[in-house]
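Structure record follows, encoded as structure tokens.
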Amino acid sequence: MVSVEDYGEFETEWCPGCGNFMILKAVKRALAELGKSPDEVLLTSGIGQSSKLPHYLKCNVFNGLHGRSLPPAIGAKLANHELTVLAVTGDGDCYGEGGNHFLHNVRRNPNITLIVHDNQIYGLTKGQASPTSELGMKTKVQTHGVFNTPLNPLSLAISLDCSFVSRGFAGDVAHLTELIKKAIQHKGFSLVDVLQPCISFNKLNTFSWYSERVYKMEEGDHDPNDRVKAFEKSLEWGEKIPLGIFYVNEKPTFEDHLDVLKSGTLVRNKSDPQKVDELLDRFI
Amino acid sequence: MSTDLVIKVGGAAGQGLQTIGVALAKTFKKSGFNVFATQFYLSRVRGGHNTFQLRVSDEPIRAMPEKVDILIALDEESIEEQIEEMFDGVIIFDNDVIKINNNNDNNNGIFFHVPMLKIAKDVCGNKIYSNSVASGAALGVMCFEFDYLAKVLAEVFKKKGDEIVDNNIKAARAGYDYAKKNFSSGCKFTVSEPTDKDGRMLIAGNDAVGLGALAAGVQFLAAYPMTPSTGVMTYVAANADDFNVVVEQAEDEIAALNMVLGASFAGARAMTTTSGGGFCLMSEALGLSGITETPAVIFLSQRPGPATGLPTMTEQGDLQFVLTAAQGEFPRCVLAPGTPDDCFYMTAEAFNIADKYQIPVFIMSDQYLADSLFTCQRFDPSKVKVARYLMSDEELADTDEYKRYELTPTGISLRAIPGQAGKVVVADSDEHNEYGHIDQTIENRILMNEKRMKKLDLLREDMEPPHQYGPKDARITLVGWGSTYGPLMEVVNILISEGHSVNHLHFTHVFPLPLEATKNILGNSETIVCVENNATGQFAKLLESETGLHVSENVLRSDGKPYSPESIIRSMREKGVI
Ligand SMILES: Cc1ncc(C[n+]2csc(CCOP(=O)(O)OP(=O)(O)O)c2C)c(N)n1
Ligand code: SF4
């Protein structure tokens, strides 16, 4: 039996009261409830307050560069597809600096879970706009208010036919835990975009701002297999903000296409230099 | 050398000059000759003026002289551009296709019209066979045994079926017969066939690197295509299924090296292939490899820069960039093969060094080495050792707490991989403690930085000393690195035959430099002349700053072309070195 305690307890560098704490709690619970032991799990992350999360629980960690949580995740997954791989990132990290990797890994569809701490602001660098910041939000850099159209990660993912698209809220750990569990269990690339209040720099999208607006989509109400409906739902933002699984599309994963993985993980393969001998004949 | 003949095929991209060139190169190799072939091509798929040049000799050769004996001209431009290089040679061309305006009477004797198009249509009913007519004609003017070409054509077109094979052979035979009968200076270029027909190979540098990676057990390759490195990616991809390799074309070079690091962290032998422009994008991840101590092999094939530069030409202009790329300081290793043999064995070695020291290792090639065809001895895979330097499950199980960055006297920590023996592995781009967790204290920073940098001392001992060619105590030492090996060897031969006191010192292990050996060999040299394919003498600077020795003269070239022995000698004369 795996318990939450197996994932340890660490001191953090987060501001007291930050939404990140709840996300950490949900990640730990989800992993423990799925019976994943720390050595089977790899968390990769980029740089940002959110990307420090892997350091605050016990498991395999590759904490890389800003915007680059996904490429090492996919590399590691291919090297050892038996690992449960989660990429942990922020909205700046994933949709800004790492936007290209986001697009292309949705297309690749590796069996990886992507958790985005979406606080609609850059936290670690002290409060600049992020790709998801609200129009009009003023910061020390966006002195006239944000006027670039905010990126809608869910619509974008659905438009790319992402295999699993969901949204959680850091203020509802129980619901978020279930979402993360489903995302990990889903075979394919799964996005969990998490609304995460940054109490230090985002004075607009606060706990109460989100709490007043979020609601859970009931299963009966929303059919996650209907892509067009899912897209419609993803556009809902403002007075009411839906939470839950927007879109699910079961399809072969990136690893499924690779016959070389069928005989076992790459890392356990033994190589033999003599094998190139047969290739040398072709140059004679 | 009793035989030393240069054949050049010139034409537009898409005219099939490479097919002709490769067929001829294989033909001569089959009959026991040493062959060396280079290509000059422009960055376009059709049109432009390209050449494929091959040199045939009964002695080992690795450079292209500036004279041409037989030119197969497929377009007018070939004649205009190459006529200067012809001394007493012959230009094979099809007067029905190319109109020549030849005002110079002296040139009259050198043109030999072969109605390639007409012969192809008459014999095979299709003009596409005129290339084979051309190859046959080239052998005809040499009165060379035809059978070798027939065998080569059969191999080259095997996949396309018997009819195509037969037609190509028929066309070649017709071209051959035509030339033998009509070439007025009959058999002027006759070569005597070597008796020694051992099983040598004809191979390009890029294929040799691909083979080296497969021999070393590469398991993962992520790259973004960029000339002239793409050949390695393609070669590994073509054999990936048989060798259990995952090859992924990344969305960009940033992703490519980051993917490689993820795969390597998880325990796979991983590499990327790129050229300077792509490596610019990778330099951030290079630092990540450095601080996380994650092994990575980076194959970097140089072309002239900056930015997009000259995509299909050659230069050795990226050394200083590779030595200092990425912010901060961390150990790295730079290897620069000079021959296909080096490409094979040193690629395999690169993986072992990366794994042993847990650092990024570069294999620096260039377009000249990547695309040229060389004859060489068959590689011996039994000489390739695969050393992974990973902890066994048992060793790890016996460890109470696994520390990825444990401080050790050598700076090298034992490496475990995720998912092994119930332990966890933590790697971090931030400065970290022994466990891999963020630690910003000054004491920790000092320890960790020292730990990483210490590895260079040990690594230096693994670096092979430079290779000396020519008399030990020569007055002038020509120093080179990487692909200039062949041309410089020939320069030494030529200059010695002219009575000069000169030798060549060639570096394949470029960084960290094998200091002791280098100082011992070079310490007594009166005149050190560094010869490099760049504008600023990048290796010379490294050599001077590392060894304290003084480089007397730089011979440099950065026009996009490789060195010919003649051009080096000319430059030495201009500089008054000889
Ligand atoms: C290449 C690079 N550029 C910039 C930075 C500085 N930087 C660190 S975190 C960050 C943004 C973080 O925002 P986000 O991903 O939303 O994470 P948060 O801190 O809000 O959780 C930036 C710009 C960096 N570390 N590396
Ligand atoms: S800056 Fe914002 S996001 Fe970062 S820890 Fe503080 S509250 Fe959380």
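Structure notes:
- For a label point 7 Å along the Cα-to-beta-carbon line of residue A:209, residues of the range A:20-46 with backbone N under 12 Å: none
- The listed residues A:237, A:14, A:209 rank as A:237, A:209, A:14 when sorted by accessible area, largest first, using a 1.4 Å probe.
- Comparing B:481, B:465, B:531 along the charge dipole axis of the range B:419-578, the residue lying farthest to the positive side is B:531, per the Cβ-charge model.
- Percent breakdown of C-alpha pair distances by 5 Å bin, ordered from the shortest bin, for the range A:1-77: 3, 16, 25, 25, 20, 10, 2, 0
- A Förster radius of 51 Å, combined with the Cβ-Cβ distance separating residue A:229 from residue B:154, puts the computed FRET efficiency at roughly 0.25.
- The Rg/Rh ratio for the range A:81-126, using Cα coordinates for both the radius of gyration and the Kirkwood hydrodynamic radius, is 1.02.
- Angle of helix B:253-265 to the longest C-alpha principal axis of chain B, folded into 0 to 90 degrees and rounded to 10: 50°.
- Legend: calculated FRET efficiency, residue B:80 to residue B:242, from the Cβ-Cβ distance at R0 = 56 Å, rounded to 0.05, equals 0.75.
- Taking every protein chain into account, the 1.4 Å probe leaves residue B:180 with about 100 Å² of accessible area, to the nearest ten.
- GNM top mover of A:134, A:236, A:178 - chain A, alpha-carbon springs below 10 Å: A:236
- Simple Cβ-charge dipole of the range A:70-181, Lys/Arg +1 and Asp/Glu -1, about Cα centre, in debye nearest 20: 180
- Solvent-accessible surface (1.4 Å probe) assigned to residue B:196 amounts to roughly 90 Å².
- When both the range B:377-392 and the range B:284-332 are represented by their alpha-carbon centers, they are found 25 Å apart.
- Between the listed residues B:225, B:21, B:346, the Cα displaced farthest toward the positive end of the dipole of the protein assembly as shown, a dipole computed from Cβ unit charges relative to the Cα centre, is found at B:21.
- With a 1.4 Å probe rolled over the protein heavy atoms of all chains, the accessible area of A:36, B:127, A:262 falls in the order A:262, B:127, A:36, largest first.
- When the alpha-carbon atoms of the range B:110-238 are used, the pair Rg, Dmax equals 19.2, 58 angstrom.
- Sites residue B:197 and residue B:117, calculated FRET efficiency, Cβ-Cβ separation with R0 41 Å, nearest 0.05: 0.75
- Gain upon complete extension [residue B:414, residue B:446; 0.36 nm per residue less C-alpha separation]: 9.5 nm
- Computed over chain B: relative contact order in percent, which uses C-alpha pairs under 8 Å that are six or more apart: 12
- Among A:107, A:213, A:68: highest mean-square fluctuation, GNM of chain A, C-alpha pairs under 10 Å: A:213
- Relative to its residue count, chain A spans a Cα convex hull of 157 Å³ per residue.
- Distance from the alpha carbon centroid of the range B:431-509 to that of the range B:516-564 works out to 12 angstrom.
- The order of B:574, B:253, B:544, B:155 by accessible area, most exposed first and with a 1.4 Å probe, is B:574, B:155, B:544, B:253.
- Karplus-based coupling profile of the range B:532-547, in residue order and whole Hz: 9, 8, 7, 8, 10, x, 5, 6, 4, 5, 4, 4, 5, 6, 7, 9, with θ = phi - 60° in 6.51 cos²θ - 1.76 cosθ + 1.60 and x standing for Gly or Pro.
- Projected label distance in nm at residue A:161 and residue B:497, using a 7 Å step from Cα toward the beta-carbon: 6.5
- Within a Gaussian network of chain A (alpha carbon springs, distance under 10 Å), most fluctuating of A:21, A:147, A:246: A:147
- Here the sum of -39500 (n - 2.57) over DSSP H runs of 4 or more residues, divided by the residues of chain B, equals -11500 deg cm²/dmol at 222 nm, to the nearest 500.
- In degrees, nearest ten, helix B:340-357 long axis to first principal axis of chain B (Cα): 10
- Debye, to nearest 20: dipole size of the range A:1-79, +1 on Lys, Arg Cβ, -1 on Asp, Glu Cβ: 300
- Check: chain A dipole with +1 on Lys, Arg Cβ and -1 on Asp, Glu Cβ, in debye: 480
- Relative contact order, percent, the range A:97-178 [alpha-carbon distance under 8 Å, six or more residues apart]: 22
- Between the range A:79-127 and the range A:265-284, the Cα center-to-center distance that results, in Å: 36
- Cysteine residues of chain B whose Cβ has no partner cysteine Cβ closer than 4.7 Å: B:124, B:280, B:333, B:343, B:376, B:530.
- Nearest-ten-degree value, helix A:70-79 long axis tilted from longest Cα axis of chain A: 30
- Taking label points 7 Å from Cα along the Cα-to-Cβ direction, residue B:573 and residue B:544 give a separation of 2.7 nm.
- Over chain A, relative contact order from alpha-carbon pairs under 8 Å, at least 6 apart, %: 18
- Shape call, the range B:1-154: gyration tensor on alpha carbons, a/c limit 1.5: rounded
The values are calculated or read from the model by the stated rules, or taken from the named source; none is laboratory data. What you see is a predicted model, and the numbers here were worked out from it, not measured in a lab. Cβ atoms come from the backbone with ideal geometry, glycine included; neighbour counts cover every protein chain shown. Surface accessibility is based on the protein's heavy atoms, side chains included, excluding ligands, DNA and RNA. Shrake-Rupley method; radii C 1.70, N 1.55, O 1.52, S 1.80 Å.
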